[in-house]
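A quick write-up on the structure given underneath.
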Amino acid sequence: MSGANIVASTLKSLSRALSRALINEQTARQPGVMQALDPRVRVAGTFLLVVAVVLLHQITVLLTLFVAGVVLALASAVTLRTLTLRVWLVVLAFTGVIALPALWLTPGEPLSTFPSITRQGLHTAMMLVLRVETAVTFTTVLVLTTPWAQVLKALRSLGLPKEVIMMLAMAYRYIFLLAETANQMFESRESRRIGALGGREQRRLVAQTAGVLMSKSLDLSQEVFLAMQSRGYRGDVVTLTEQRLTPRDYFGVLAFAGVAALAIWLGR
Amino acid sequence: MHIPDGYLSPSTCVALYGGTVAAWYISLKRLKRVLLTRVVPLISVFAAFAFVVMMFNLPLPGGTTGHALGVTIAAIVLGPAGAVLSASLAIGLQALLFGDGGITTLGANCFNMAVIASPMAYISYRALAARAAIDSRRRIIAAGVAGYLAANLSALAAAVELGIQPVLFHDAAGAPLYAPYPLKIAIPAMMIGHLTFAGLAEALLSAGLVAYLQAADPSLLAATSGLRAALSGTGTRTPASLRRLWLSVALLLIFTPLGILATGKAWGEWAPDDFLHTDSRARIAVASQNALPPPAAPAGMARMATVWTSPFPAYAPAFVKSRALGYVLSAMFGVGICLLIALFAQSRLRPQSRPEEVT
């Protein structure tokens, strides 16, 4: 592998992460069912549905929840194309491969002799893949329809400590800055490279870039701290008051909780 | 190693969330005591750094690439508590922003990749680097080994969590409800990849970063170096070493039941009776490179054996039926006695050292 590839692939994964986050913010601005609800309802509702997905034992109920997830996605301006590319294929490539050997490795009654698949194996593999697909579909719909700031606000009102929220918010903000810095460092190094780099040099290049980035991060944290202190930060976090829930939000809460409870009860 | 939703049963998730939240609480409290209001900006920016570094493709010997966890370098620069928090934040952001790892399994993922990986990295780095100078080669190697051990320990933890699922959670027909493979498949499947690629990526990045920092910014390595000059003014020496003691005690307690899994008797731990039975004689011979044991227990051994009968014979109090529980209880009893002795010794030593502390 030449030096160009390693830098190029890192550049690609960094910019892909950044552009993904920007796409999230775009979908969040479009009208849709999820977008119309209060972020607190969305976060709590998604959490309830994912818990239901993990708790239930019946494959038919799981399948129904999966369809419900797809309907919710379509009603919230999340396209099938996005779901297929970002969720279904990725999950299938990872979980599908993991679940495949379970078809014949799980002991039980034989379903076919060649290849020797057992009924229990088929059930297990299908449950695993479907469970992961459904859970990731729900979380992706939430992530795509809710800007990060609103997710954090929702988590705050759902009881997460203020400090944790503040750290999540600041970390998110500086990910973009640091990823951008790393991008620039790799690019500038790349523009000065003549000839291919050996494995040893490539590793040194990556470690040095990480090292510079770390020094910059720690300097940055010191500056941020001084800036916070000069604006009166004494360790207490103050947030703006929360908005009130509308009747539509209460209906949303009921719908999410109802579906989750029904799924758990039917699928027990 | 990011376990998605659906692989772990709800009870496993709840248990691991419990352990993780406790570790977060302790780490945050500890950091606040030292750093006061600086905790929030420091940990947030470092988490962002860890997140970005996780996306770096690290070329490995053999032509493949791997991603590092970033927890080892965090442990070396910030110490174990800071590493637990910053790595957890990065893992949380990955789950909530990019769907990398599940919501119900977030506790498990943080537990594996932050809560147990960071003390592992920190303890092994400190133990291997010992009192070597900041710019010594030994620190580079120590960081590499620490990274390798931390990545593999977290993989092992994930493998155990996945491997216990089919035993504990299956439906009436015997079909596993969550992760389908038992320990004997899950552990090798997970460990082969980590003993080679993933562990190597963490090892190479940690070693490379320490080598870079030695040349460019050695002050970042000073805080956890254990060197007196580096720590002057902070006054955290005693708590730090006590903390390490507690951590190692906790780790030992956890790993004590592993002794049950080992078959046979430890070499040199034979009882006088073992010399009389043919099968135990054969085992002694095999363990001693086929040197035959004497026909009866040595006279001195037989005499000494009755001098002291322990309160917990064979590591299990007589009233405990389960051997595993007996092991743990005995370990706790033993640790308790050691701690009492240590505290007694400390209380006797303290009056002499106090005047120095005040100045």
Per 5 Å bin, what percent of the C-alpha pairs of region A:181-240 does each bin hold, from zero upward? 4, 14, 18, 16, 10, 9, 9, 7, 6, 4, 2, 0
Show me the ranking of peptides B:137-147, A:133-143 by mean Cβ neighbours inside 10 Å, starting with the highest. A:133-143, B:137-147
Expected output is a single nm value to one decimal: the length gained when fully extending between residue A:200 and residue A:105, i.e. 0.36 nm times separation in residues minus the C-alpha distance. What is it? 30.1 nm
Can you give the accessible area of residue A:153 in Å² (nearest 10), computed on protein heavy atoms with a 1.4 Å probe? 80
Taking only the alpha carbons of chain A, the radius of gyration and the largest Cα-Cα distance, Dmax, both in angstrom, are 23.3, 74
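Shielding by partners for B:169-179, please: the mean number of other protein chain Cβ atoms within 10 Å of each residue's Cβ.
Per-residue shielding by partner chains comes out at 6.
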Give me Rg over Rh for region B:93-202, both radii from the alpha carbons and Rh done the Kirkwood way, two decimal places. 1.10
In chain A, helical segments from DSSP H whose Cα atoms cover 15 Å or more along their own axis and that average at least -0.5 on the Kyte-Doolittle scale are A:3-29, A:39-55, A:59-75, A:119-145, A:162-191, A:199-230, A:247-266
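Determine the share of region A:61-208's accessible area contributed by carbon and sulfur atoms, expressed in whole percent, with a 1.4 angstrom probe.
Here it works out to 67 percent.
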Rounded to the nearest 100 Å², the accessible area hidden between A and B, summed over both chains at a 1.4 Å probe radius, is 6000
Given the pairs B:29/B:184; A:216/B:32; A:12/A:162; A:12/B:32; A:153/A:216; A:216/B:29, which are separated by over 32 angstrom at their Cα positions? B:29/B:184; A:12/A:162; A:12/B:32
Residue-normalised accessible area of region A:56-163, given per residue in Å² at a 1.4 Å probe: 46
Check which residues have an amide H placed less than 5 Å from residue B:65's amide H, if you skip close sequence neighbours. B:60
Mean separation of Cα contacts under 8 Å, 6 or more apart, over the residue count of region B:9-108: relative contact order %: 35
Against the empirical 2.2 N^0.38 Å scaling, what ratio does the C-alpha Rg of region A:150-268 come to? 1.70
Where only C-alpha atoms are counted, convex hull volume of region A:46-130 per residue in Å³: 107
Largest first, what is the accessible-area ranking of A:148, A:104, A:265 with a 1.4 Å probe? A:265, A:104, A:148
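The values are calculated or read from the model by the stated rules, or taken from the named source; none is laboratory data. Owing to the predicted nature of the structure, the values given are computational and were not obtained by experimental measurement. Glycine gets a Cβ as well: all are built from the backbone with ideal geometry, and neighbour counts include every protein chain shown. Protein only, heavy atoms only, side chains kept; ligands, DNA and RNA dropped before computing areas. Shrake-Rupley method; radii C 1.70, N 1.55, O 1.52, S 1.80 Å.
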